[in-house]
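Notes follow once the structure below has been shown.
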Amino acid sequence: MLSQNGISFRKTKRAERLPGFDQAPDFVVPNEINPKAIIEAKLTEDDGTARDKVTRIQHLGNLSMRGQPAGEPKFEVIACIAGRGFGVRREDMKKLLRATRGKVFTLRNMDQLVEMTRLRDFRAT
């Protein structure tokens with residue numbers, strides 16, 4: 001979706017370190033120097049793996065608000081998820097929706113990823 005819309009992004013590597021992040025997010029838009037949107041993506045059939053990803057996304061949501069006025073995050077946290085693992089625990093989905101401020105995308109609504117997030121501001125014209 002990012003490439004299709006001409007959005008500049010950085011896909012991080014496994015165990016990579018980025019300034020300001022204790023763990024690098026999966027994707028950073030437009031780049032790690034000036035992150036405006038970050039994406040965590042996961043496909044899993046295991047609820048334990050899904051739970052770990054939810055915890056990670058919650059941490060990124062907290063990080064986005066650190067030192068910021070209420071309601072003005074440093075960057076938008078977006079989750080792209082798929083797999084049975086995310087459907088097992090309803091409480092985890094509530095946490096995910098809160099941490100991302102509703103910016104959770106699945107295969108069903110992935111076509112709305114750009115339009116419904118700050119990613120729209122980075123589309124190639």
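Any read-out appearing in this document is the output of simple, stated calculations on the displayed coordinates, not a laboratory observation. A quick note: this is a predicted structure, and the numbers were derived from the prediction, not measured. Here the Cβ positions follow ideal geometry from the backbone for every residue, glycine too, while neighbour counts run over all protein chains shown.
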Flag for Met93 being of a type in the set (A, V, I, L, M) and surrounded by 15 or more Cβ atoms within 10 Å (Cβ to Cβ): yes
From Arg89, Arg123, Arg66, Arg17, residue being in contact (Cβ under 8 Å) with a residue 12 or more places away in the chain, more than 24 Å from Ser3 (Cβ to Cβ) and among the basic types (Lys, Arg): Arg89
Per-region count, segment 28-45, residues without any contact (Cβ under 8 Å) to a residue 60 or more places away in the chain, part of a strand (DSSP E or B) and either aliphatic (A, V, I, L, M) or loosely packed, with under 13 Cβ neighbours inside 10 Å (or both): 5
Residues (surrounded by fewer than 15 Cβ atoms within 10 Å (Cβ to Cβ) and of a type in the set (D, E, K, R)) located in segment 53-73: Arg66, Glu72
Failed condition for Gly48, given (1) farther than 17 Å from Leu107 by Cβ; (2) in contact (Cβ under 8 Å) with a residue 24 or more places away in the chain; (3) within 13 Å of the chain's Cα centre (by Cα): (3)
Subset of segment 52-103 that is part of a loop (DSSP other than H, G, I, E, B) and in contact with a strand residue (DSSP E or B) (Cβ under 6 Å, 6 or more places away or on another chain) - its residue that is nearest to Val28 (Cα to Cα): Phe75
Checking Pro25 against (1) in contact (Cβ under 8 Å) with a residue 12 or more places away in the chain; (2) more than 11 Å from the chain's Cα centre (by Cα); (3) in a loop (DSSP other than H, G, I, E, B); (4) within 24 Å of Gln4 (Cβ to Cβ), the condition it does not meet: (2)
